[in-house]
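Notes to accompany the following structure.
The values are calculated or read from the model by the stated rules, or taken from the named source; none is laboratory data. What you are looking at is a predicted structure, and each value in this text was computed from that prediction instead of being measured. A quick note on method: Cβ atoms are made from the backbone with ideal geometry, for glycine too, and the neighbour counts reach across all protein chains shown. For the accessible areas, the whole protein counts, side chains as well, though only heavy atoms, and no ligand, DNA or RNA atoms are used. Shrake-Rupley method; radii C 1.70, N 1.55, O 1.52, S 1.80 Å.
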Amino acid sequence: EAQCSESGLEDFTELNFLLKQMQEDDFLDKIEDIIDLENFYKWNITSVLAGSDHQSNSGNLRIYFDNETAKFGFIPWDVGISNNIPLTFNNDLTDKILSVPKFYEQRNKALLEYIKEEGNLKDDLDYYDSLYNKTKGTFYSDFRKHDNNITFNKKVAQFRGQYEILFKQAQDLFSID
C-alpha cells in the first residue's frame, strides 16, 4: 500500500487500475503487460506445493505494484498447508490468468522444472530444518504460545512431512498427465 505524503491516506490507484482491467473484455489480452507472470508462476507454485488455496478472494492475497517493471507482483502471505494439492484456488485473478492455455502451460512447465529436480526438495527441507533450528529456542522460551513445546515439535515434524508428500503428489500429477 502506498501512502499519500500530504494527506496520509492510502493510495489505491494501481489496485483500482488492476480491478478495472479485470472487468474489461480484453483483459486476457493485456495480462502480460499488467502482471509479472514469472513472479505469478512462482507465487502460484508456492501455493500448489503447500496444497493451499488460502490466498483467495476472501483474503490473504497480497499484490504489489512494482514501479521498476510497471507490473503487478505477488507476495506469499499466510499460505497455509494441507494434505493435498488444491483442485481450485478460489481466486478470480488466478483463475483468469490460468484460463489462458499459454499461461497455464507456462505455469505447469515452471512447476515441472522445479519438481523434477529432487535436489529442490532437499534444499527446501534443509532450509525448513535450518529455520526451525535457528528459531526453536525462541519458540521454546515463549510461555504465552498456544501449544506446549512437545506439540510444537510434533507440528513442525508434521508440516515437514506434508511438504514431502505434496512434492511427491505434484510429481505424480505429471507422471499421470
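Data table
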item	result
Failed condition for Asn153, given (1) open to solvent by less than 90 Å² (accessible area, probe 1.4 Å); (2) out of contact with any Ser or Thr (no Cβ under 6 Å at 6 or more places or on another chain); (3) of a type outside the set (Ser, Thr, Tyr); (4) under 24 Å from Asp53 (Cα atoms)	(4)
Answer from Ser175, Ser130 - the residue that is open to solvent by 70 Å² or more (accessible area, probe 1.4 Å) and in a helix (DSSP H, G or I)	Ser175
Lone qualifier among Lys136, Lys109, Lys71, Lys154 - being in contact with a strand residue (DSSP E or B) (Cβ under 7 Å, 6 or more places away or on another chain) and among the basic types (Lys, Arg)	Lys71
The one condition in (1) out of contact with any strand residue (DSSP E or B) (no Cβ under 9 Å at 6 or more places or on another chain); (2) under 21 Å from Asp172 (Cα atoms); (3) in contact (Cβ under 8 Å) with a residue 60 or more places away in the chain; (4) basic (Lys, Arg) that Lys42 fails to fulfil	(1)
Long-range neighbours under 7 Å by Cβ, at least six apart or interchain, first residue over 18 Å from Leu19 (Cα atoms) and in a loop (DSSP other than H, G, I, E, B) within the stretch 64-91, second among the β-branched types (Val, Ile, Thr) and open to solvent by less than 70 Å² (accessible area, probe 1.4 Å)	Pro76/Thr46; Val79/Thr46; Ile85/Val48
In the stretch 106-127, residue surrounded by the most Cβ atoms within 10 Å (Cβ to Cβ) [restricted to those that are in a helix (DSSP H, G or I) and of a type in the set (Asp, Glu)]	Asp124
Top-ranked residue of the stretch 13-56 - restricted to ones that are closer than 30 Å to Gly161 by Cβ and of a type in the set (Phe, Trp, Tyr), ranked as surrounded by the most Cβ atoms within 10 Å (Cβ to Cβ)	Phe40
Flag if Leu121 is aliphatic (A, V, I, L, M) and closer than 13 Å to Phe40 by Cβ	no
The listed residue being surrounded by 14 or more Cβ atoms within 10 Å (Cβ to Cβ), of a type outside the set (Ser, Thr, Tyr), closer than 27 Å to Arg62 by Cα and more than 21 Å from the chain's Cα centre (by Cα), out of Phe103, Phe139	Phe139
Within the stretch 66-100, tally of residues that are open to solvent by 80 Å² or more (accessible area, probe 1.4 Å) and among the hydrophobic types (A, V, I, L, M, F, W, C)	2
Hits in the stretch 92-103 (condition: without any contact (Cβ under 8 Å) to a residue 60 or more places away in the chain and among the basic types (Lys, Arg))	Lys102
